[in-house]
1. I need the peptides 93-106, 154-167 ranked by packing, meaning the mean over residues of other C-beta atoms within 10 angstrom, with the highest value on top.
2. To the nearest 20 debye, what charge dipole does the chain have about its Cα centre, counting +1 at the Cβ of each Lys and Arg and -1 at the Cβ of each Asp and Glu?
3. In degrees from 0 to 90, rounded to the nearest 10, what is the angle of the helix 107-120 Cα long axis to the longest principal axis of the chain?
4. Take the Cα radius of gyration of segment 75-205 and divide it by 2.2 N^0.38 Å, with N its residue count; two decimals is plenty.
5. Say each of Ala189 and Leu156 gets a label point 7 Å from the Cα, pointing the same way as Cα to Cβ; how far apart are those two points in nm?
6. Considering lysine pairs in the chain that are 8 or more places apart or on different chains, how many have Cα atoms under 23 Å apart?
7. State whether segment 133-193 is rounded, prolate or oblate according to the following rule on the C-alpha gyration tensor (a ≥ b ≥ c being the square roots of its eigenvalues): a/c under 1.5 gives rounded; otherwise a/b larger than b/c gives prolate, and the remaining case gives oblate.
8. With every protein chain left in place, what is the accessible area per residue of segment 93-164 in square angstrom, probe 1.4 Å?
Amino acid sequence: MLAGFVTRWRHGDPIVIVSGLPRSGTSMLMSMLQAGGLELLTDAARTADVDNPKGYFELERVKGLATDPDKSWLRAGRGKGLKVISHLLKYLPPGHRYQVILARRDLTEVIDSQDTMLRRSGEDNTLDDDQTRDLYRRHLVNARALLRGRRDMRALEVHYSGAIDDPKATAARINRFLGGKLDEAAMAASVDPTLYRNRSSNRSP
């Protein structure tokens with residue numbers, strides 16, 4: 001108990017990190033946290049569009065985690081929710097506590113959703129789907145190893161399809177993980193199953 005008190009005194013409240021691959025359900029999870037009453041650290045740099053009608057819940061400065069040596073701004077995220085794609089998790093600095101909610105989604109669905117988004121913007125994926133799927137699998141193995149290996153991080157994995165199929169159970173799991181102070185009913189009600197597009201009949205982990 002004393003060790004926990006010292007840790008809280010030294011590092012403050014945990015930063016709640018929502019992470020995962022792009023198009024894996026991170027925006028949905030941020031929306032759930034906001035509905036549940038957790039304050040989010042975001043800006044208005046990226047607004048809602050057809051791909052994310054409820055918004056992206058992003059903070060532009062997160063993109064500089066890998067290159068900007070000044071990470072003092074993260075202190076403002078203590079006790080709040082912050083979206084950080086899984087490729088940038090390793091750049092979160094020590095000196096804070098992190099509660100990481102890792103979004104998982106069938107990789108075929110992730111790739112299909114990314115391809116749809118790229119086509120809307122007039123771009124193409126330079127890798128074929130099999131190459132992309134292999135890269136993502138290896139990346140997620142490394143990301144999960146990172147989360148297990150860092151003492152300043154606690155992690156919970158949430159599957160996108162599970163959140164859509166049973167939002168009440170998912171809200172309860174997230175609330176328990178974060179300490180039990182969120183509004184679970186509001187979290188569950190924020191999940192919109194009509195936004196589950198690019199479904200795959202042959203799911204891969």
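The values are calculated or read from the model by the stated rules, or taken from the named source; none is laboratory data. Computed from a predicted structure; not experimentally measured. Every residue, glycine among them, receives a Cβ derived from its backbone with ideal geometry; neighbour counts consider all protein chains shown. Only protein heavy atoms, including side chains, enter the accessible area calculation; ligands, DNA and RNA are left aside. Shrake-Rupley method; radii C 1.70, N 1.55, O 1.52, S 1.80 Å.
1. Working: 93-106: 19.8, 154-167: 17.9.
Taking the mean over residues of other Cβ atoms within 10 Å, the ranking is 93-106, 154-167.
2. On the way: 33 positive and 26 negative charges, 218 e Å.
Using only the charged Cβ atoms, the result is roughly 1040 debye.
3. Helix 107-120 sits at roughly 70 degrees to that axis.
4. Values: Rg = 16.3 Å, N = 131, 2.2 N^0.38 = 14.0 Å.
Dividing the Cα radius of gyration by 2.2 N^0.38 Å gives 1.16.
5. With each label point 7 Å from Cα toward Cβ, the separation is 2.0 nm.
6. For the chain, the number of qualifying lysine pairs is 17.
7. Values: a/c = 4.09, a/b = 1.48, b/c = 2.77.
In terms of gyration-tensor shape, oblate.
8. Numbers: 3770 Å² over 72 residues.
Counting only protein heavy atoms, the per-residue value for segment 93-164 is 52 Å².
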